[in-house]
Amino acid sequence: MAEKLEFKVKTKDKDEALNKAQQHFQNKVEQEIKKTDIDVELFEEKSGFLGLFGGEKTYQAVIEIEEEEGEDGEFKLKFKEDGIFLEVQQPEGAGDEVELSDVEEVLGAKEIEDVDYGAVSEALTLDGEEVKIAERKPELDRDAKLNIEISDDQLTAYLSYQPALGGSNYSSSEILEEVKSEGITYGVKEEEFLDVFDPETALEEFKIAQGKEPITGDNAELEFKFDTESDTNKVNIDEDGKADFYNLGRIVNVEEEEVLVIKKPATEGTPGKSIKEEEIPPQPGEDIALPAGKNVKVIEDEDELKLISTMEGQASYDGSKVNVDDTHEVNGNVDLSTGNIDFNGNVIVHGDVKEGMEIKAKGSVEVKGSVYEADIESGGQISIRKGFIGSPNKGLLEAEGNIEVKFIENGTVKTQKNLVVKDAIIHSDIDVGKAITVEHGKGLISGGTVRAGEEIMAKVIGSNLATSTTVAVGITPELRDEYHEVNEKLEDMQDDLNETVKNINLLKKVKKQQDGLEERKEMLLNQLIRKRYSLANELESIKEKKNELSEKLDKRKEGTIKIEQEINPGVVVMIGTYKRKIGKKNSNVKYYLQEGEIKATSCN
């Protein structure tokens, strides 16, 4: 290992700096310093007065000194019949010499008396020669001592050895036999022992044997298959760095039979072995229960336990239980603090649904406040205790079930079932599969287009200001266009199937006549056969769709519009594809279709 030395000196030139650095380093170390080993660089230069006189230069000299290697001196005490002798081995290279204090420490430990320290001093100057330093006293002789200690857990054995003082020493084989006699037969470190053992040298707590510790079993683990902290999700930032304040993903939707938690069972662990070759049982891993809460169940799958949902809904974890609920409740408003809601169950909002927000629910949606320029899509019913207020291109209610709302203003509403409005529909676009009822409060329909598949019932339609209002029942243009589109597709597919069958028959005829087909035609025949099966299946589906539309067309020819109080001039009444514009105010009237003409009669 090299030692780095540095020296800074102020001189006129580099040569003088090198000479002074050599002298400085030589005074620091014993080994010879050569100029070629010194690296001298200009460190700093100061100009003289007004730049006219010589300046002052500071040089930095650096040298790396390699440390000399060597071996320390050693000594041994030898007990013989004619006395006690000291043998010293002198150090090599840069090794340390044997000190008198080192010898005195050993002499005291071995309780040797009447030492000739003159002889000791002489021995310290010799190399490898035995010098008698004391007479041997047989009454002080004692044999070597051996002690073997075994740990309480029977995993470790330590050996301590004190060499003889004039008496008998142990040999390495004798010590190993003593170890064996203690019953220690496993994990004996025989090679390591032989490497360090010297009968004349003490050995303190040498690890002579090491057993195999038992391995504690792994604790049971729970792997959650859904986001357990979704309710704390923050604003999402997309790849372009744009923040999405609306879709926070705070609801975890799960399907029936979906795996929510997987439990990895605890293991028994691996047995250990004592130094006496006895098996040591391991500590098994700690178990943990699956956090089963509401609407979940535990199943066994191979060597794992799984927690699965028993219904569609929202999965949540409260720190102790996993629950699945079919209803998601918002205690306040749906706004940027909650984010949009996308849930495969029912949704209850105890406040309002604010502008720009969205609710998508596989089940029903209940809003106990109002809906402002927001979109709600429901696979069930929609119920809004107060009003629905939209604006051009903003605000939509769409449901597969019934929709109930206090009033609608500038909104778009679509449902396959019924619409019940308690007060009024104003300047809105309504499309309902069955009936529209506006018979409470004002019972008003004014402005926009209101369509129903079967019936419209209201107190008042239109206004004294001749507000542009259209009410329509029966066959809608959308339904008529869809029917024609399906019918045309059915005819095109039938023609395609007929042509395909024709080509198949032709190729089969050629194959029979020629006793086979060339490869290209054989491939074409197989393609046509596959196409025939595909067209036949798709044709069956299109026929079912046509029949379904035909039934709707038949039903919607019977649509009616009922006005309890009055219908105002300027209102356009449509039944199916027939149209009638109201020229004067009419009261307590029902409009219906008869023989291709919209007719009016009293509601009573």
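Key figures for this structure:
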| item | result |
| --- | --- |
| Residue count for the range 422-444, restricted to those that are open to solvent by less than 50 Å² (accessible area, probe 1.4 Å) and either part of a strand (DSSP E or B) or more than 15 Å from T469 (Cβ to Cβ) (or both) | 13 |
| Filter pass, T560 being open to solvent by 60 Å² or more (accessible area, probe 1.4 Å) and under 13 Å from I475 (Cα atoms) | no |
| Where a residue in the range 398-425 is within 16 Å of I461 (Cβ to Cβ) and its partner, wherever it lies, is of a type in the set (K, R), with Cβ under 6 Å and at least six apart | D423/K406; D423/K442; A424/K442 |
| Residue that is farthest from the chain's Cα centre (by Cα) [pool: residues in the range 129-148 that are open to solvent by less than 40 Å² (accessible area, probe 1.4 Å) and modelled with pLDDT of 90 or more] | V131 |
| Residue within the range 407-414 that is open to solvent by 10 Å² or more (accessible area, probe 1.4 Å) and part of a loop (DSSP other than H, G, I, E, B) present | yes |
| Residue check for T36: farther than 30 Å from A144 by Cα, open to solvent by less than 100 Å² (accessible area, probe 1.4 Å) and at pLDDT 85 or above | no |
| Total residues in the range 149-161, condition at negative phi and open to solvent by less than 80 Å² (accessible area, probe 1.4 Å) | 8 |
| Test: residue in the range 497-512 that is under 30 Å from N588 (Cα atoms) and in a helix (DSSP H, G or I) | no |
| Counted residues, the range 276-291 - those being of a type outside the set (K, R) and open to solvent by 40 Å² or more (accessible area, probe 1.4 Å) | 10 |
| Residue in the range 256-275 that is more than 22 Å from E229 (Cα to Cα), surrounded by fewer than 16 Cβ atoms within 10 Å (Cβ to Cβ) and without any contact (Cβ under 8 Å) to a residue 40 or more places away in the chain present | no |
| Some residue of the range 58-68 being open to solvent by less than 100 Å² (accessible area, probe 1.4 Å), over 17 Å from F7 (Cα atoms) and at pLDDT 85 or above | no |
| Set G401, G447: member being open to solvent by less than 30 Å² (accessible area, probe 1.4 Å) and not in a strand (DSSP E or B) | G401 |
| Residues (open to solvent by 60 Å² or more (accessible area, probe 1.4 Å), of a type outside the set (F, W, Y) and in contact (Cβ under 8 Å) with a residue 24 or more places away in the chain) located in the range 179-195 | E182, T185 |
| Residue that is least open to solvent (accessible area, probe 1.4 Å), among those in the range 77-128 that are without any contact (Cβ under 8 Å) to a residue 24 or more places away in the chain and within 21 Å of P199 (Cα to Cα) | G108 |
| Elements of type strands (runs of 3 or more DSSP E) contained in the range 310-394, each with 3 or more residues being more than 28 Å from D423 (Cβ to Cβ) and open to solvent by less than 50 Å² (accessible area, probe 1.4 Å) | 313-317, 322-325 |
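The values are calculated or read from the model by the stated rules, or taken from the named source; none is laboratory data. Please read these numbers as outputs of a predicted model, since none were measured by experiment. Note that we place each Cβ from the backbone using ideal geometry, even for glycine, and neighbour counts take in every protein chain shown. The protein model used for the area step is the full one, side chains on, heavy atoms only, and it has no ligands, DNA or RNA in it. Shrake-Rupley method; radii C 1.70, N 1.55, O 1.52, S 1.80 Å.
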